[in-house]
Each structure stands twice: as C-alpha cells, then as structure tokens.
Amino acid sequence: MLRKPEHVFLLFLLCFLAVQIPFLQADPHPEVSPYSRDAFTDEGLNTSQVTNKVNHGYFGVDECDNLIKTPLFSAWLYPAYKLFGTTILAGRTWVLLGCLFLLFWISRKQRFPLEVLMLSLFTVFLQYHVFQYLHFTMAEASSTLLILAALVCMLQYAKAPKVKFIMGAAAFLWAAVFTKNQFAYALPLMPGWIILIHLQQKTLFSAAAWKNLFISLGMLALGALVYYLIWYLPVKETYDYVMADQADGRFIPLAELNPMATDHALEFLTGKYMRAFTWFCLASVPLFLVHVFTSSNKTYTTLSLLLLLWALFEVHKFAMWFVPSRYLVPVLISWGLFATVQFAWALQNALNGKVYTRLLFLFYSLFFLWTVGTHLSAVNTLYQERSFAILETNRYLAKLNLKNRTVAGPWAPTLARESGAKVIPVWYGYFNDEFLMEKHNPRIIISEKGETDSGGAFEKRGIYLHERADSTREVNVAHYNLVIYFLP
C-alpha cells in the first residue's frame with residue numbers, strides 16, 4: 001500500500017523509467033539538435049576514454065577532450081562499463097538511473113515539495129529535449145540535477161540556517177563542475193542564494209548571515225583548491241590545450257549581442273517542441289508576482305526565488321555564437337521548475353482560496369494542459385520515429401575481430417564502442433590527426449563523406465581513404481552519410 005507521498009512519487013518515477021525503456025538503445029531523434037551532431041557523436045566521445053580503459057586498460061587523457069572536461073562523469077560510468085560491458089544499453093541505463101536516484105533523494109524527508117516534483121515529471125522531464133538527454137551518455141542532465149540538489153540544500157537552509165546545508169550545497173555544486181567543468185558558472189549561485197534568503201527573511205545585515213556568507217565563499221574556495229590539486233595540475237598541459245580551444249571566441253561580441261542573442265533565443269523557444277513550454281514559462285511570471293505579494297506559503301515563495309535566480313543565470317547561454325541543445329538542458333529544467341512551482345501554488349489556492357485564485361488557476365491550467373499535451377505528443381513521435389542505425393552498426397562491428405585493433409574517426413567511439421576495439425576520435429589540428437597511421441595503425445576509419453566531421457583531417461594529412469581502403473561500407477545515421485573504410 002502506498003501510505004506515504006514519497007511512495008507515490010517513487011511509483012511515478014518507476015512509471016517514468018518504464019516510459020524511457022524503449023529509447024535506451026534508439027538513435028537520438030534527428031531534430032534533437034538540428035545544427036550540430038551533438039548526441040550523435042558526443043555520446044560516444046563522452047565515453048571513449050572510459051571505453052578504452054575498460055577494453056584496453058588505459059585512460060588516454062590526450063586522445064580526446066572529454067575526460068578533461070568530465071572527470072566525475074567518466075568515473076561514474078566506469079563501474080557500469082566494467083560490470084556490464086561498453087554497450088549503449090549499459091551506459092544509458094546507468095546514466096538514467098543516476099538521474100532518477102537524484103530525483104528520488106530530493107523527494108525524501110520533505111526536502112522539496114512533492115507535489116511540485118510530481119507535476120514536474122509531466123511539465124519538465126517529459127519535455128522533448130530533457131526526456132532524451134536524461135538517458136544519453138552525456139554529462140549535462142547529471143550536472144543539472146546536481147545543481148538542483150544544491151538548491152534543495154539551500155531550501156533547507158532557509159528553514160534552518162545551519163552550516164551543514166551550506167556544505168551540502170557546495171559539495172553538490174562542485175560535483176556538478178567535476179561532472180562537467182562547463183558548469184563552473186553555477187558556483188556563484190550559492191552566495192547569491194544565501195543573500196536572497198536573508199533578504200527575504202530581512203536578516204541580511206545580521207552577523208549570522210555574513211558569517212554564513214563567508215563560510216559559503218570558503219567552501220567554494222576549498223572546492224576550487226581540491227579541483228586544482230587533484231585534477232587540473234596532473235593534466236595541466238592537456239587541460240590548458242583543450243580550454244584554449246573550447247573557450248576562445250565562444251560568446252558573441254557585445255556590439256552584436258542584442259540582435260543575435262535575441263534571434264538565437266527566439267529560434268529555439270518558438271520551435272515546435274518548445275512553443276507550449278515557452279508559453280507555460282512566460283505565463284508563470286505574472287502568476288509569480290501575485291504569488292510573491294499575496295502568499296503566506298514561505299516554502300513556495302523561497303523556492304520560487306531560488307529557482308528564479310538559477311533561471312536568470314541560465315540566460316547567458318543565448319549569448320553564445322553556437323548553442324547546442326545539450327547546453328540548454330539546465331535552461332529547460334530551471335525555467336520549467338520555476339513555472340511548475342507557480343502552477344502548484346495556483347492549484348493549492350484554487351482548492352482553498354477565493355474566486356479570483358480559482359480563475360487564475362483555470363487560466364493557467366490551459367497552458368499546463370497545452371504543455372503536457374505537447375510533451376506527450378513529442379514522446380509519441382519519438383517512439384514512432386525510433387531508428388537503430390547506431391546499434392546495428394555496433395553489432396555489425398562487434399562481429400569482426402577488432403579487440404586488438406583500432407577504429408578511428410570522430411564517429412568511431414559512437415559506432416564501435418561495443419566492438420572491443422580501441423576507439424580514437426580524430427579532428428584536424430586538434431586531436432590525433434598527426435601520425436595517426438604510425439601511432440595507432442587503425443584497422444577501420446569511419447568518416448562522413450567529404451570528411452566534414454573531422455575538418456578534413458585525413459586528406460589534409462595525406463591519407464586518401466578511398467585509395468588506402470581495400471573495402472568500404474556505407475552507413476546512414478539520421479541525415480549523416482558515413483563510410484566505414486576497412487584498411488589492410
């Protein structure tokens with residue numbers, strides 16, 4: 001019998017897990033990131049060094065940029081691959097279970113309003129992009145939920161300002177950064193949250209508030225020292241090389257920012273899988289104002305303010321020249337949770353409040369129903385349009401005797417992870433393009449026609465694949481046309 005709300009939420013989570021199962025070996029949907037390869041290649045790239053560690057006994061820090069950026073994510077994947085093999089199913093299931101465990105932890109011991117979490121499974125986690133990234137072997141969803149866990153610690157701090165909650169929030173935020181270093185931008189959220197909480201409670205200028213603020217800064221500094229000593233220094237040369245490439249020219253210049261950032265945001269937020277969700281979030285803003293100025297529910301008000309600050313932090317993503325969909329996972333989760341809190345507040349007030357609160361709820365319910373309906377339709381589309389080209393190619397290559405050989409190319413970690421081969425990505429002027437044949441002697445090279453995926457890495461280094469190959473096999477993955485070159 002489901003006697004506790006936590007048990008009901010656990011049942012909801014299990015149902016959500018069941019809905020995810022049919023997608024655990026399917027290709028990413030072609031529209032998940034229209035202007036980049038994103039999950040198509042990056043699922044393999046995120047796991048390539050772990051794959052080589054399990055199958056060949058070494059972490060090639062200088063063979064790909066992903067381990068440098070995602071050390072904790074790689075460490076988290078290692079036991080799953082070691083126990084169950086370097087398969088698509090093992091990696092995706094492990095990542096998904098980790099995300100669902102974080103949501104379950106958040107739901108325990110009244111850490112977070114359960115009604116909001118239950119509603120968010122429909123308003124946020126069924127959303128077209130979020131639904132897919134939760135099971136992809138990529139770090140973004142895990143890091144985002146670690147930030148949410150830090151926010152939950154701050155929500156507990158608002159009820160009882162104890163140092164253990166500050167320590168918990170700092171630990172979760174740094175875990176998000178260790179999971180993927182791009183999330184370092186979220187670290188200032190913690191002192192921001194503390195200031196916001198004390199402003200709301202009118203205790204900002206108290207000695208306790210300033211003491212805890214300095215403790216939070218100290219905890220963040222301690223985390224930075226740990227990161228510097230145990231990760232940055234041991235891999236300094238490769239780390240600096242990767243960050244110089246990744247960070248250079250990432251953001252739009254200030255003079256061009258307004259029109260271009262607006263265009264980026266509008267293009268994404270008005271897409272067919274986003275339109276209803278965008279309106280759901282926008283419509284929550286006036287509801288939030290009513291909520292803040294009229295509500296006596298301090299938990300909801302504090303939670304709304306904490307989520308609002310996080311949501312505002314995420315807006316900077318639209319100022320980037322190029323915004324892959326994976327970068328927008330924290331945008332969608334923070335915005336969606338903020339809107340869901342307002343809907344949950346409106347629902348409670350409709351049940352217990354005056355006529356105008358019931359009218360507000362009925363009005364906002366239209367956006368809620370539109371959003372959930374769009375999400376369910378999108379999940380149905382994902383199911384109906386599933387393809388398994390990546391899985392089929394992995395199974396084909398797994399039948400060949402490649403365990404002591406190398407498969408190279410940007411697509412190699414995605415298409416050959418189950419083969420037992422050493423997988424080596426290649427990009428011109430970045431990784432593994434120099435002395436590839438001499439150092440790795442690949443048995444197979446996988447490349448898009450025209451070598452656009454590697455920046456022409458092979459031809460520019462004098463490796464003419466059609467001339468060298470003794471046979472080829474063409475593979476189509478979504479709209480990408482690939483050639484598998486078998487070398488003598």
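Read-outs throughout are calculated quantities, based only on the coordinates presented, and are distinct from any laboratory measurement. These figures come from a predicted structure and were not determined experimentally. Backbone-built Cβ (ideal geometry, glycine too); neighbour counts: all protein chains shown.
Things to note:
- Counting all C-alpha pairs of the stretch 5-384, share separated by more than 32 Å (%): 34
- Cross-link partners of Lys399 among lysines, defined as those whose alpha carbon lies under 27 angstrom from its own and excluding same-chain residues fewer than eight positions apart: Lys53, Lys82, Lys422, Lys439, Lys449.
- Neighbour-count ranking [beta-carbon atoms within 10 angstrom, fewest first] of Cys15, Cys64, Cys153, Cys281: Cys15, Cys153, Cys281, Cys64
- Distance (nanometres) between label positions extended 7 Å along Cα→Cβ at Lys109 and Thr452: 5.2
- For the chain, the relative contact order comes to 19 percent (Cα pairs under 8 Å, sequence separation of at least 6).
- Rule-of-thumb Rg ratio for the stretch 389-486 [Cα; 2.2 N^0.38 Å; N residues]: 0.97
- Partner lysines for Lys202 [C-alpha distance under 28 Å; skip if fewer than 8 residues away on the same chain]: Lys109, Lys159, Lys162, Lys164, Lys211, Lys298
- Charged-residue dipole, Cβ positions (Lys, Arg, Asp, Glu), the stretch 389-486 about Cα centre, Debye nearest 20: 420
- Over the stretch 389-486, Cα pairs under 8 Å with separation of 6+ residues give a relative contact order of 25 percent.
- Calculated [θ] (222 nm, deg cm²/dmol) that DSSP helices of n ≥ 4 give over the chain, each run adding -39,500 (n - 2.57): -20000 deg cm²/dmol
- Those aspartates and glutamates that a straight Cα-Cα span of less than 20 Å connects to Lys69, excepting residues fewer than 8 apart in one chain: Asp38, Asp42, Glu43, Glu140, Glu237, Asp240, Asp245, Asp248, Glu314
- Ordering His375, His440, His129 from the fewest to the most neighbouring beta carbons within 10 Å gives His440, His375, His129.
- Rounded tilt (10° steps) of 298-313 against the dominant C-alpha axis of the chain: 40
- Using a simple spin-label model with pseudo-atoms 7 Å out from Cα toward Cβ, Glu474 and Thr381 lie 2.8 nm apart.
- Two-site FRET efficiency, Leu83 against Asp240, from Cβ-Cβ distance with R₀ of 30 Å, rounded to 0.05: 0.30
- With respect to the chain, whose longest principal axis is taken over its alpha-carbon atoms, helix 39-56 is tilted by about 70°.
- Length gained when the stretch Arg250-Met320 is fully extended (0.36 nm per residue, less Cα-Cα span): 24.6 nm
- Segment Ala398-Val285, extension gain: residue separation times 0.36 nm, minus the distance between their alpha carbons: 35.5 nm
- Crossing angle, helix 207-227 versus the chain [Cα axis fit, 0-90 degrees, rounded to tens]: 10
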